[in-house]
Amino acid sequence: MKRPVTSQAPWGGLPRWVGVLLGCWLALGAAAQAPLTPRQLYPGLFEAVQLGRIYPDNKTFVDAVPRQPPAAIRRAWEQQSRQPNFNLRAFVEQHFVLPAPVGGSYRTRVQAGLNRHLDTLWTVLQRRQDTAVVEGSSLLPLPYPYVVPGGRFREVYYWDSYFTMLGLQASGRRELVRAMVDNFAYLIGRYGFIPNGTRTYYLTRSQPPFFSRMVLLLAPTPGPAADSVLRRYHPALVGEYRFWMAGADSLRPGTAHRSVVRLPSGEVLNRYWDLSDQPREESYQEDVTAAKRSPQPPAQFYRNVRAAAASGWDFSSRWFVPGQGLESIRTTSFVPVDLNCLLFQLEQLLARSSRAAGDASAARRYEQAAQARRQAVLRYCWDARAGWFVDYDWEQRRPSPVRTLAGMFPLESGLATPAQARQVAAALGRDFLKPGGLVTTLAATGQQWDAPNAWAPLQWMAIEGLTQYGHKELANTISGRWVTLNRRVFEQTGKLMEKYNVVNPNAPAGGGEYPLQDGFGWTNGVLLQLLQRYPETR
């Protein structure tokens, strides 16, 4: 039986504007009040469960809800684990409520059609605000309603949510979009940044910074109404930027600190980073096993693995030594082109929100920062010989030889020149376009962010980028193939998937540390936008 609630969330009954600001006030004590993770709460028991693999997915235990206070569970573990014939699984299930996949008993009615399914899924995936916290739960509570991705992903994820919001916008659910933006503003205030996901074990890293794009969903066109939105979220936008740029002012050329890198000529760009150098709690057994195969010191390997998780691309040959596997991962050695395009957009929006707030001096500073970043990305991330935007290896001082769909972000952000956009479009159609859409990379490694797999957010960013630069025919082709694939899989399985095989659309996607997930927030969101934009595909 689930034990009673032990503590109330701090926002119960408050007006929303107070809730948004409350996070900012709480931030003053955020570091001291950071909640403990499952590994910190249950030493010994945590390692026994995860390394013993009593559940196929390491995420099961870290998402379980304790039936008693953690201290009582620790005492029981210390007393019982030494006894003969101790049953670890029985112990866990006596003391914890195991999580269930998102969706529960929901079953698709394929005959009702794809559009009906998409609309119904918002109800299946939506969660109410978290008004109470069970002591020892890994869930980070949120003050407003939100949508989760689906499957094993029972909490909010940062960059997933932007693409989910696209679908909510297309469905006319503006209030839910606003609620989710308010949740992210709260997280920035409460923790100083937006974590990878709303779990305690994600509080050491963020994800691709789409918060500025979320705000723009509420302020799509310039004018007084947009200025009001920008003023409302200006403190949160500033907080997001401070997190990513922390330590930049004191960096010497050729060095890095956390998420910032100062290049030899003095330019400042960013990389993905995680504050921890320990195995990920949600993939503990996988990380411990993989570290044994790596020539890197374990702490360095774990940091690179975690940084790849922060990128959202976990895992991909994008981060590996060419021709090698996960054991060679070097995520923190790269200045990622997609990350810096997103920060370029954040700087541009901060200039607008500063001006809306009446701070012309700050607006000029952000404009100058955006222009400096643009010039640095064009200098370091454009590979003229390949005709493609790539990551920059700041340690080896050379562009990465690996081409990926991250190279489409300079088009989506408006950072590329028209000539560069023409070269990228030509290479995209020649090398990346497959029967079901765009393949993520050109390497088939068995990793889920490599060929033959494709992901909805990257299809969207590519289509948007091509459209902005006038390459509408190619954009239409990609959209048509992706929608056709999504529709066919739905009609065959009744599901919309986290990822798809676009090289052989009749085969399922593979790779990764967990089985193929359905739901699925960002797939639904992108599909709805494309169906709205291209009604002939309905």
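Restricting the first member to the range 92-110 and to residues that are over 14 Å from TRP122 (Cα atoms), and the second to residues that are at pLDDT 90 or above and in a strand (DSSP E or B), the beta-carbon pairs closer than 6 Å and six or more apart or on different chains are PHE96/PRO66; VAL97/VAL65.
Being part of a loop (DSSP other than H, G, I, E, B) and under 32 Å from the mean Cα position of the chain (by Cα) narrows it down to one residue among ARG89, ARG116, ARG107; which is it?
On the way: ARG89 fails: part of a loop (DSSP other than H, G, I, E, B); ARG116 fails: part of a loop (DSSP other than H, G, I, E, B).
The match here is ARG107.
Candidates are the residues of the range 101-138 that are loosely packed, with under 12 Cβ neighbours inside 10 Å and not hydroxyl-bearing (Ser, Thr, Tyr); the one that is modelled with the highest pLDDT is ARG128.
Looking for something without any contact (Cβ under 8 Å) to a residue 12 or more places away in the chain and not small (Gly, Ala, Ser) - is there at least one such residue anywhere in the range 502-513? Among the residues of the range 502-513, at least one is without any contact (Cβ under 8 Å) to a residue 12 or more places away in the chain and not small (Gly, Ala, Ser), which makes the answer yes.
When THR164 is tested against (1) assigned to a helix (DSSP H, G or I); (2) farther than 26 Å from LEU496 by Cα, exactly one condition is not met: (2). Considering the range 292-301, and only residues there that are part of a helix (DSSP H, G or I) and open to solvent by 10 Å² or more (accessible area, probe 1.4 Å), the residue that is farthest from ASN58 (Cα to Cα) turns out to be GLN300.
The set of residues in the range 402-416 that are over 13 Å from ASP383 (Cα atoms) and among the hydroxyl-bearing types (Ser, Thr, Tyr) contains only SER413. If we scan the range 213-234, do we find a residue that is out of contact with any strand residue (DSSP E or B) (no Cβ under 8 Å at 6 or more places or on another chain), under 20 Å from VAL148 (Cα atoms), at pLDDT 95 or above and not hydrophobic (A, V, I, L, M, F, W, C)? Scanning the range 213-234 turns up at least one residue that is out of contact with any strand residue (DSSP E or B) (no Cβ under 8 Å at 6 or more places or on another chain), under 20 Å from VAL148 (Cα atoms), at pLDDT 95 or above and not hydrophobic (A, V, I, L, M, F, W, C). Going through (1) surrounded by fewer than 20 Cβ atoms within 10 Å (Cβ to Cβ); (2) aliphatic (A, V, I, L, M); (3) under 26 Å from the mean Cα position of the chain (by Cα); (4) under 20 Å from GLU240 (Cβ atoms) one by one, VAL335 falls short only on (1). The residue of the range 256-285 that is surrounded by the fewest Cβ atoms within 10 Å (Cβ to Cβ), among those that are in a strand (DSSP E or B), in contact (Cβ under 8 Å) with a residue 40 or more places away in the chain and not small (Gly, Ala, Ser), is VAL268.
Remark: LEU28 falls outside the filter, which requires a residue to be at pLDDT 95 or above, surrounded by fewer than 17 Cβ atoms within 10 Å (Cβ to Cβ) and either within 30 Å of PHE86 (Cα to Cα) or within 26 Å of the chain's Cα centre (by Cα) (or both). Checked against (1) under 29 Å from GLU327 (Cα atoms); (2) open to solvent by 10 Å² or more (accessible area, probe 1.4 Å), PRO208 meets all criteria but (2).
Let's see how each residue does on (1) farther than 30 Å from PRO35 by Cα; (2) free of Cβ contacts under 8 Å to residues at least 40 places away in the same chain; (3) touching a Gly at 6+ places or on another chain (Cβ under 9 Å):
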{"position": "GLU175", "(1), (2), (3)": "no, yes, no"}
{"position": "MET180", "(1), (2), (3)": "no, yes, no"}
{"position": "TYR186", "(1), (2), (3)": "no, no, yes"}
{"position": "PRO195", "(1), (2), (3)": "no, no, no"}
{"position": "ARG205", "(1), (2), (3)": "no, no, no"}
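What residue, among those in the range 497-523 that are under 24 Å from the mean Cα position of the chain (by Cα) and among the β-branched types (Val, Ile, Thr), is farthest from LEU405 (Cα to Cα)?
THR523
Checked against (1) in a loop (DSSP other than H, G, I, E, B); (2) surrounded by fewer than 20 Cβ atoms within 10 Å (Cβ to Cβ); (3) touching a residue at least 40 places away in the same chain (Cβ under 8 Å), VAL288 meets all criteria but (1).
If the requirement is being farther than 30 Å from ARG173 by Cα, touching a Lys or Arg at 6+ places or on another chain (Cβ under 8 Å) and surrounded by fewer than 16 Cβ atoms within 10 Å (Cβ to Cβ), which of these qualifies: GLN83, GLN94? Break it down stepwise before answering.
Working: GLN83 fails: touching a Lys or Arg at 6+ places or on another chain (Cβ under 8 Å).
Only one candidate qualifies: GLN94.
Only one entry in SER161, SER171, SER137 is within 23 Å of ARG280 (Cβ to Cβ) and more than 18 Å from the chain's Cα centre (by Cα), namely SER137. If the condition is being crowded, with 24+ Cβ neighbours inside 10 Å and at pLDDT below 95, then the range 150-173 contributes only GLY150. Checking each residue of the range 340-356 against the condition of being out of contact with any Asp or Glu (no Cβ under 7 Å at 6 or more places or on another chain), open to solvent by 10 Å² or more (accessible area, probe 1.4 Å), under 30 Å from LEU442 (Cβ atoms) and free of Cβ contacts under 8 Å to residues at least 24 places away in the same chain gives no match. The numbered conditions (1) open to solvent by less than 30 Å² (accessible area, probe 1.4 Å); (2) hydrophobic (A, V, I, L, M, F, W, C); (3) closer than 29 Å to LEU433 by Cβ are all true for ALA376 except (3).
A single member of ASP391, ASP383 is acidic (Asp, Glu), open to solvent by 30 Å² or more (accessible area, probe 1.4 Å) and touching a residue at least 12 places away in the same chain (Cβ under 8 Å), and it is ASP383. Among the helices (runs of 4 or more DSSP H) confined to the range 414-496, the ones with at least 3 residues that are open to solvent by 10 Å² or more (accessible area, probe 1.4 Å) and closer than 16 Å to ARG403 by Cβ are located at 418-427. The residues on offer are GLN50, GLN68, and the sole one that is part of a loop (DSSP other than H, G, I, E, B), surrounded by 15 or more Cβ atoms within 10 Å (Cβ to Cβ) and at pLDDT 95 or above is GLN68.
The values are calculated or read from the model by the stated rules, or taken from the named source; none is laboratory data. Since the structure is predicted, the reported quantities are computational estimates derived from the model, not experimental observations. Cβ sites come from the backbone with ideal geometry, for glycine too, and all protein chains shown count toward neighbours. Protein only, heavy atoms only, side chains kept; ligands, DNA and RNA dropped before computing areas. Shrake-Rupley method; radii C 1.70, N 1.55, O 1.52, S 1.80 Å.
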